1. Is there a pair in Lys135/Lys192; Lys192/Lys214; Lys135/Lys191 whose C-alpha atoms are over 24 Å apart, and which pairs would that be?
2. Rounded, prolate or oblate: which fits region 2-68, taking a ≥ b ≥ c as square roots of the Cα gyration tensor eigenvalues, rounded meaning a/c under 1.5, else prolate when a/b beats b/c?
3. Roughly speaking, what is the centre-to-centre gap between region 168-213 and region 113-137 when only Cα atoms are used, to the nearest Å?
4. Suppose R0 equals 35 Å. What FRET efficiency, 1/(1 + (r/R0)^6) with r the Cβ-Cβ distance, do Gln183 and Ile39 give to the nearest 0.05?
5. For Ser122, Ser49, Ser69, which order do you get if you count the other beta carbons within 10 Å of each Cβ and list the fewest first?
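Since every read-out is calculated from the coordinates, none of them should be taken as a lab result. These figures come from a predicted structure and were not determined experimentally. So basically every Cβ, Gly included, is an ideal-geometry build from the backbone, and we count neighbours across all protein chains shown.
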Amino acid sequence: SIALSDLLDDLDLCVLNDGSPTRRSYPHQNPRSAPDLSICSSSLSPLCSWRVLPSTYSSDHFAILVSISHRTTPATTPSPLLKYRLNQADWFAYSSALNASVQSLLPPSVDDILVAYSSFVSCLLSAADLHIPKKSGRSHKPSTPWWDSECSSMVRERTNAERAYNEEMTVENFLSYQRIAAQCKRLLSEKKTAGWRSFCESLSPRTSMSIVWKQIRRFRGSLNSTDISSNDPSSWAEAFIDKIAPPSVPFLDLLP
């Protein structure tokens, strides 16, 4: 510990720990065990707040939350994309509005082809705004398809057992927590395996690849990295145009 203290002094570093235990101890062990150190520079330490979260989340170390309170100029972020609900569109009204807008455009010339293109895109967007409902494009973490009420109930039971042991570190409470934590781990593993097996059995040669990858992302609990997060038409107008007027059609034998 003296060597570590000297090293921190030499490197101008500070320890953020406040003495709270960071490891779940066994009965009759030191309940103040704190083997996990949070270290930062001396210039950053006054801006940091450090605390231990009340749950180990089935580990033997408590989660640690370090927050930095520093006023900065907020970065300019694009407004979230309001995606169109194409399944609720009034396509007849959209087509009529688009035809009226296009007829009012001037004939394009070779010198102003980009201007003509921008005007046409504006017609598409104006008609879409009038006759296609929108939904928020805010990103969200997709739920795992195998999770159910039994999983939630088991996790709550594990949390309550851990809380009871933290409040009264007896052998009985420790064994109870260990048993419930093992049951919870086994249940979640079985649910995930059964969900993946069910998904694989539901696949067929006609299953869309977009559905396959969407489900895989849900099993991984990851966000869709291809989600558009800007209202800038240049970032999604091409995809929208391809949606309403595909540049190609699938082979006949691929049609349902």
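1. Values: Lys135/Lys192 31 Å; Lys192/Lys214 16 Å; Lys135/Lys191 32 Å.
The pairs that break the limit, which is 24 Å between Cα atoms, are Lys135/Lys192; Lys135/Lys191.
2. Details: a/c = 3.12, a/b = 1.56, b/c = 2.00.
Oblate, since a/c reaches 1.5 and b/c is not below a/b.
3. 45 Å
4. 0.40
5. On the way: Ser122 14, Ser49 11, Ser69 8.
Result, fewest neighbours first: Ser69, Ser49, Ser122.
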